[in-house]
Amino acid sequence: MKKQYMSTTLVEAAKLYYEHQLSQLEISKKLGVSRPTVSRLLQQARNTGIVRIEITDPSEIGTRLEAALIKKFKLKKVAVVPNDTDDTKIIKKRLGKAAILLVDQLISEGTILGISWGTTMQEVARQLRPRRVKDMIVVQLNGGISRAEIDTHASEIAKAISENYKAISYLMPLPAVVDSADLKKAILSDKNISRTLDLGRKADIALFTIGSFGYNSVLVKADYFEPIEVDELLQSGAVGDICSRILKADGMICSQKLNSRTIGIELEEIKKKPYSIAVAGGKEKLAAIQAGLKGKWFNSLITDEWVATELLRD
């Protein structure tokens, strides 16, 4: 009963403030509570989703940083989040929230959404807002099963996103990189795997993160590469990856031999999407993001203020 009363009070306070334009003092008198209580009620209404604030930009330009990035790199959509902290978890949470806000604007009945995995994508999944979208499909774009103790959570991310939208999910329970091109060919001959890849190619939206490449990168920790391979890739100029495809600083594929062993959507296929959305931020990912932009592998970017400023300085 108390919970129901609180919910009713939250809605009433929110309506009086946001719809009827009453001040907090006027609401406190009307509801018979203190002004600080009204302030807490309004904050709780926002935290619980009773109130959602949406800013409509008639020009669709956004902030100055966003507008500048769109102009310089000829992007479709850009969202720049604050980075007034060195806490990467907070930055990723903000990136995840911005990603979901954009995806919610773009999806509609029958949308096929392709997604990758990674710690940033985990945060995207945590920021989901429940919504049913008729005939929607969520498909995993690249393999993600690890050969080490590290868990990439690839399938869990895809499942969480599909369940949020009441969509059908197609998973790819495979490693990101296999031992040989022949093994990859054999794996892709399976009709279920090929169907998943075909759906990935047909996806209207591709949502993925950009990884930095080095000994501490997720792909390396997941035990996909021998130490000598990591050394060779770094010597060849590897700086990052998109959907497990390793890139050099100029945006090109670092190793065609490695690329032939990588399971998932090709970068050329990502490039063709109506919306290919990269979600990445933090100082350690700057070089990888720059490489992605030089390769023109995506047409939309969600990043933080520091990265945005550095990209514009380049």
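The values are calculated or read from the model by the stated rules, or taken from the named source; none is laboratory data. Since the model is a prediction, treat every value here as computed from it, not as a measurement. Virtual Cβ from ideal backbone geometry, glycine too; neighbours counted across all protein chains shown.
At a glance:
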quantity	calculated
Among the residues listed as Gly32, Gly118, the single one being within 23 Å of Tyr275 (Cα to Cα) and either in the same structural domain as Ile277 (by TED's automatic domain parsing) or exposed (fewer than 15 other Cβ atoms within 10 Å of the Cβ) (or both)	Gly118
Residue tally, condition crowded, with 19+ Cβ neighbours inside 10 Å, out of contact with any Phe, Trp or Tyr (no Cβ under 6 Å at 6 or more places or on another chain) and not in a loop (DSSP other than H, G, I, E, B), over segment 174-226	14
Top-ranked residue of segment 227-254 - restricted to ones that are under 17 Å from Gly143 (Cα atoms) and in a loop (DSSP other than H, G, I, E, B), ranked as farthest from the chain's Cα centre (by Cα)	Ser244
Answer residue from segment 105-120, given it is touching a strand residue (DSSP E or B) at 6+ places or on another chain (Cβ under 7 Å) and small (Gly, Ala, Ser) and is modelled with the lowest pLDDT among those	Gly118
Residue match in segment 275-289 (condition: assigned by TED's automatic domain parsing to the domain that holds Val139 and free of Cβ contacts under 8 Å to residues at least 12 places away in the same chain)	no
Number of positions in segment 139-169 that are surrounded by fewer than 24 Cβ atoms within 10 Å (Cβ to Cβ), modelled with pLDDT of 90 or more and in a strand (DSSP E or B)	2
Verdict on Met136 being at pLDDT 95 or above, more than 17 Å from the chain's Cα centre (by Cα), assigned by TED's automatic domain parsing to the domain that holds Asp198 and not charged (D, E, K, R)	yes
Pairs with Cβ under 9 Å, 6+ apart, first in segment 221-246 and in the same structural domain as Pro175 (by TED's automatic domain parsing) and among the aromatic types (Phe, Trp, Tyr), second assigned to a loop (DSSP other than H, G, I, E, B) and loosely packed, with under 14 Cβ neighbours inside 10 Å	Tyr224/Arg147; Tyr224/Ala148
